[in-house]
Number of protein chains: 2
Amino acid sequence: MKLATLKNGRRDGVLVVVNRTLTHCQKVPSIASTLQDALDHWDTAEGKLREIYNAMNRGELQAAQTFNPAQCHSPLPRAYQWADGSAYINHVELVRRARGAELPPSFWTEPLMYQGGSDSFLGPRDPITVSSEEWGVDLEAEVAVITDDVPMGTTPEQAKNHIRLIMLVNDVSLRNLIPTELAKGFGFFQSKPSSAFSPVAITPDELGRDWRDGKVHRPLTVSINSTLFGHPDAGQDMTFSFPQLIAHAAKTRNLEAGSILGSGTVSNKQGDLYGSSIINGGVGYCCLAEVRMYETIEKGKPQTGFLKFGDSVKIEMFDNNGQSLFGAIEQQVQPNAE
Amino acid sequence: MKLATLKNGRRDGVLVVVNRTLTHCQKVPSIASTLQDALDHWDTAEGKLREIYNAMNRGELQAAQTFNPAQCHSPLPRAYQWADGSAYINHVELVRRARGAELPPSFWTEPLMYQGGSDSFLGPRDPITVSSEEWGVDLEAEVAVITDDVPMGTTPEQAKNHIRLIMLVNDVSLRNLIPTELAKGFGFFQSKPSSAFSPVAITPDELGRDWRDGKVHRPLTVSINSTLFGHPDAGQDMTFSFPQLIAHAAKTRNLEAGSILGSGTVSNKQGDLYGSSIINGGVGYCCLAEVRMYETIEKGKPQTGFLKFGDSVKIEMFDNNGQSLFGAIEQQVQPNAE
């Protein structure tokens, strides 16, 4: 099943069911007015939503409107919980190596996770507005899941059954604000502005065999200014599965329905700078920081710049037949008009 | 004006207006069903809510029901944003001194703030449930404000006008999980389980002259197992005002209506261990960690233990006449039944 949220002038937008090929959508006010509403009552809503979805895919719903991702909010325009893991340890290891630090062995057994802000997500086609290019604007292409209610102390084995929906994320990062902020010891705040999510959230069964071991086994495609920048496999080198990330987040607290858990920047382990970029036959990267780390390690300093005003990024995932699974996140960096 | 949220079996409870002396309350379904609902439309809701409030205080609302804080959720049972500052630098300085570290000079000019989780707050009388006493359960008594929509780049001067409500908080902390978690560099997650807020949220005008300079100039009263543990003045030694904290949080993002900003643990600068505890005539503390830091600095190691199963904490603030302003947070530590 595929769900989206259309902008309608209200804070939470309006929930629509989207057909499998993302051409049409249908409002479902008698089932749920918003995605959070559906998640709050998933047990009763899911079956009814699936009936609509199946009817749409069979071409039986003549009233359905054309689906336009440009009219979408993020599936949850605002959420109560956004916790972002850092499950691709290759990414973390490169960060460390670039600054000459060792990776603590515990990083292979204990997930890294930061508490994100969730009150003002960007729509998938909304601009990334920043006050200054000097902040070092970077994308981070990731996969995320939405859970139902997860009780405190849930195990990874139990957590599997709490995953309701899957999305893509652009976890926008302000790289030049990170060192000072992390040095203060309390984690990210200003350096992680609002994130954007894919137009469509899908249930795990939509991925068929590509959803297994609590991971999404598909390449994540990233372009910058219309040039392919990366397509690493999101199922490869993911040290911690989504169920493990959920269990980590729920160790000392309940997670309420609609909680979003992110994978961290997707990153595949590759040989070196010259083997890793797309142009050299590598799978490329899901953030600019990663190529800059390779450059730092192998050339002494970073050479690729961060995003500038006017630059655009595109994040998408396709099935085996080239069909977009979630629709595309497409964002342009723009100055904040204060 | 005073507002509260009664538990009613739904995730967001039901909004009530509470009279000034906290004896009666009144549901207001024709104005707003929940506090988030009122905050989403504050411009139209505020005046109507104030009419009810004023009528209640004049004794004109015969239909009002008895107000029982034990029936309360936190004013926002779940929220979209919970950002907690650390505005009492005395507290931060003691933490550092206890571990032999210097306070970076920037800590006096740049607020410390962590991104909290906001999906599953505790009610003001709900137990603090933890799986293990060994986690080092501590209270942190604080003041917090709720904002309306705050645009990215808002200045402290502008931020003043975005404060809609004030509450008290118990920012429960798991001290023994903090060192490992902070060492990973991404801030708190498991070490900051669900927070609890006071039964009642009040508009700043309720504080009269005690609300000035963007600070609450009243003592915050903390008891542990019914013994007074602290009553430091929340307006004293607060290095960063609420408008400064809001501007910090909004530097790179919009904050949406209903965002909660906390002050950090209230802490007054005092002489030494023997002058700071209540029993010695000091103003005491708003968390156990603080007396343990004094003990570490002056006696070589901490002597006071953290909270054990069955221990209770009470956090309250009174006006000049001894009237409780927000009602009391009263919580007992209990084992999590997994």
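Looking across segment A:295-311, the residues that are basic (K, R) and either surrounded by 23 or more Cβ atoms within 10 Å (Cβ to Cβ) or assigned to a loop (DSSP other than H, G, I, E, B) (or both) come down to A:K301, A:K308. Here A:E142 passes the criteria (1) at pLDDT 95 or above; (2) part of a helix (DSSP H, G or I); (3) not aliphatic (A, V, I, L, M) except the one numbered (2).
Taken over segment B:247-275, the residue count meeting the criterion of being of a type in the set (G, A, S) and buried (at least 24 other Cβ atoms within 10 Å of the Cβ) is 8. Of all residues in segment A:211-224, none are facing chain B (nearest Cβ under 9 Å) and of a type outside the set (A, V, I, L, M).
Of the residues making up segment B:149-178, those that are touching a Gly at 6+ places or on another chain (Cβ under 8 Å) and either in a loop (DSSP other than H, G, I, E, B) or of a type in the set (K, R) (or both) are B:K160, B:D171, B:R175. In the set (1) polar (S, T, N, Q); (2) in contact with a helix residue (DSSP H, G or I) (Cβ under 9 Å, 6 or more places away or on another chain); (3) within 14 Å of another protein chain (Cβ to nearest Cβ), B:N254 fails one condition alone, (2). When segment A:97-142 is filtered for residues that are more than 11 Å from chain B (Cβ to nearest Cβ) and of a type in the set (G, A, S), the ones remaining, listed by number, are A:A98, A:G100, A:G123, A:G136, A:A141. Residues that are touching a Phe, Trp or Tyr at 6+ places or on another chain (Cβ under 8 Å), within 30 Å of A:S132 (Cβ to Cβ) and not in a loop (DSSP other than H, G, I, E, B) are absent from segment B:280-294. Counting only residues that are facing chain B (nearest Cβ under 9 Å) and either without any contact (Cβ under 8 Å) to a residue 12 or more places away in the chain or part of a strand (DSSP E or B) (or both), segment A:179-193 holds 6 of them. Taken over segment B:237-275, residues that are modelled with pLDDT under 95 and either among the hydroxyl-bearing types (S, T, Y) or not in a loop (DSSP other than H, G, I, E, B) (or both) amount to 3.
Residues that are more than 12 Å from every other protein chain (Cβ to nearest Cβ) and closer than 20 Å to A:E330 by Cβ were ranked within segment A:151-178; the one that is surrounded by the fewest Cβ atoms within 10 Å (Cβ to Cβ) is A:I166.
Somewhere in segment A:194-204, is a residue at the interface with chain B (Cβ under 8 Å from one of its Cβ atoms), part of a loop (DSSP other than H, G, I, E, B) and touching a strand residue (DSSP E or B) at 6+ places or on another chain (Cβ under 9 Å)?
Yes, segment A:194-204 contains a residue that is at the interface with chain B (Cβ under 8 Å from one of its Cβ atoms), part of a loop (DSSP other than H, G, I, E, B) and touching a strand residue (DSSP E or B) at 6+ places or on another chain (Cβ under 9 Å).
Scanning segment A:257-274 for residues that are within 13 Å of chain B (Cβ to nearest Cβ) and hydroxyl-bearing (S, T, Y) returns a single hit, A:S259.
Selection of segment B:211-236 for residues being surrounded by fewer than 18 Cβ atoms within 10 Å (Cβ to Cβ) and not in a strand (DSSP E or B) yields B:D213, B:H217, B:N225, B:S226, B:Q236. In segment B:282-294, the qualifying residues are those that are in contact with a helix residue (DSSP H, G or I) (Cβ under 7 Å, 6 or more places away or on another chain) and not aromatic (F, W, Y), and the one that is surrounded by the fewest Cβ atoms within 10 Å (Cβ to Cβ) is B:G282.
Just so you know, in segment A:189-210 the residues that are under 17 Å from the mean Cα position of the chain (by Cα) and among the hydrophobic types (A, V, I, L, M, F, W, C) include one that is surrounded by the most Cβ atoms within 10 Å (Cβ to Cβ), and it is A:F197.
All of (1) over 16 Å from the mean Cα position of the chain (by Cα); (2) part of a strand (DSSP E or B); (3) hydrophobic (A, V, I, L, M, F, W, C); (4) surrounded by 20 or more Cβ atoms within 10 Å (Cβ to Cβ) hold for A:I315 with one exception: (1). The helices (runs of 4 or more DSSP H) located wholly in segment A:1-119 that include 1 or more residues which are among the hydroxyl-bearing types (S, T, Y) and surrounded by fewer than 24 Cβ atoms within 10 Å (Cβ to Cβ) occupy A:42-57. A single member of B:G117, B:G123, B:G85, B:G136 is among the small types (G, A, S) and more than 15 Å from the chain's Cα centre (by Cα), and it is B:G136. Output the qualifying pairs, or none if there are none: Cβ atoms under 7 angstrom, residues six or more apart or on different chains, first residue in segment A:81-100 and under 30 Å from B:I260 (Cα atoms), second residue of a type in the set (A, V, I, L, M, F, W, C) and assigned to a helix (DSSP H, G or I). Pairs found: A:A83/A:A249; A:G85/A:L245; A:S86/A:V92; A:A87/A:L245.
The values are calculated or read from the model by the stated rules, or taken from the named source; none is laboratory data. Worth saying up front: this structure is predicted, and the values here are computed from it rather than measured. In this analysis, Cβ positions are derived from the backbone assuming ideal geometry, glycine residues included, and neighbour counts consider all displayed protein chains.
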